[in-house]
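Written below as structure tokens is the structure these notes are about.
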Amino acid sequence: MESAHEASEPGFSLYEWPGDGGRPEVDAAMTREDRESANERVSVALCTYNGAPYLREQLESIASQSLLPYEVVVCDDNSTDASLEILREFKETVPFRMTIYRNAERLGPTKNFERAIGLCNGSIIALADQDDVWLPSKLEKLVRVLQRDTEAGYAFSNAVVVDERLHPLGYTMWHTVSFTKRQRGAFKEGKQVEVLVKHTVVTGATMAFRSSLRELVLPIPETWVHDAWISLIATAAGRNGIPVEEPLVLYRQHPGQAIGGRKISLPEQLRRSVAAGTSSYARETARFRQALVRLSERSFSRGEASALIEAKIRHLLARQSLYDVPLRERLSIVFREMRTGRYRRLSNGWRGAIKDLSLILVQTRRSAKEPLRE
């Protein structure tokens, strides 16, 4: 464990959000007593790896929260740049507890977050990426949402997607992940597993969850991204999430990040999907099977949620078989999944059907070019 402390350098002013022109107002609905109570139990799990160019701005934004955390737990994934020096200097300046751990060997993003989450001591854990910027009321608003709904397992907000210099790119993360108004309505109506088996809509950098969920979500399988796993498993176990419409994070885009939020055009999505073939279905099938196993092992499985995950697996297996059957049967599989509404209910609708028809077309052309074998 690193025992160092640190000072942050002034950078982007947190109260001059690009395009806003002023300091975001702090929500006054939380009383002083609420703040003091929440302050005793909010942990921030921050993961770093060679993040020196942007780390100071993120640290400054955490230290400028209207509701300060009880602690910040940092897991550095064996950085080779100045990240540790920045963390040590910053630790010297803050009024809250801050602990820095350095991994002897690289764990990767998912396992590094797993470690940081496991080391937190608060009853609410907020996840933090090294390269974003939190708006000042982020923690306060997420904590207040969880205080109001004691049955909820987690809360997450929207985020403004920005460039390296924190200039807005004109869209939000919910737009990037296609978390539409209709899906948000379904989420609020309790149809959350239906949304999450289709695709991931929760971004870890915008999430706060109850630490009691750790007994269910840890360890995190390496084949999953931590935020997708936590949100699906928590929701399937009946600990629903609460979406907060307001963007509370500036989600930075830059060349060195592990997972980005840039919009991808439909033609590019199709090109990538065709290039991946059906192998992506096999990987996704394995992931959802891991989810079923975890829910069963921890005795948190709900019948309806498990049935939806099982339906998702059957849908993926059908799509995975497209290369294993004759052409006529391939088309029959696609039209059956369309007719039964499984593309709409369990994947991304007509885009998924177009992807599979494109796969059939590409495979048919390849087969036609192959010489006949005696």
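No lab work stands behind these numbers, since they all come straight from the coordinates. No experiment lies behind these values; they were computed from the predicted model shown. Please note: Cβ atoms are built from the backbone with ideal geometry, for glycine as well, and neighbour counts cover all protein chains shown.
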Quick one: what are the phi-derived ³J(HN,Hα) couplings along the stretch 44-58, Karplus 6.51/-1.76/1.60 with θ = phi - 60°, whole Hz, x for glycine and proline? 10, 9, 10, 10, 10, 7, 6, x, 3, x, 10, 5, 4, 5, 5
Checked the stretch 32-252 against the a/c 1.5 cut and the a/b vs b/c comparison, axes a ≥ b ≥ c from its Cα gyration tensor; verdict rounded
Mind listing the phi-derived Karplus ³J(HN,Hα) values for the stretch 93-104, rounded to whole Hz, using 6.51, -1.76 and 1.60 with θ = phi - 60°, and x for any glycine or proline? 9, 9, x, 9, 5, 9, 10, 10, 10, 10, 6, 5
Could you give the length gained on full extension between R345 and H175, defined as 0.36 nm per residue of separation minus the Cα-Cα distance, in nm? 59.3 nm
Would you mind checking which residues have amide H under 5 Å from L169's amide H? H placed 1.01 Å from N; only 5 or more apart, or other chain. V161, V162, D163
Which of the pairs K138/K188; K198/K355; K191/K312 have their Cα atoms more than 18 Å apart in this structure? K138/K188
Proxy exposure order for W350, W224, W174 (fewest C-beta within 10 Å first) is W350, W224, W174
In nm, to one decimal, how far is the modelled label at E222 from the one at E304, with both set 7 Å along Cα→Cβ? 3.7 nm
Students often check this: by mean Cβ neighbours within 10 Å, which of 41-47, 75-81 ranks highest, and how do the rest follow? 41-47, 75-81
Given the peptides 61-70, 213-222, 226-235, arrange them by the average over their residues of other C-beta atoms within 10 Å, most packed first. 226-235, 61-70, 213-222
Name all residues of the stretch 99-143 having a backbone nitrogen under 13 Å from the label point set 7 Å from the Cα of T80 along its Cα→Cβ direction, giving them as ranges. 106
Give the long-range amide H neighbours of I242: residues separated by 5 or more places, or on another chain, with amide H under 5 Å away, using H modelled in the peptide plane at 1.01 Å from N. Y154, A155, F156
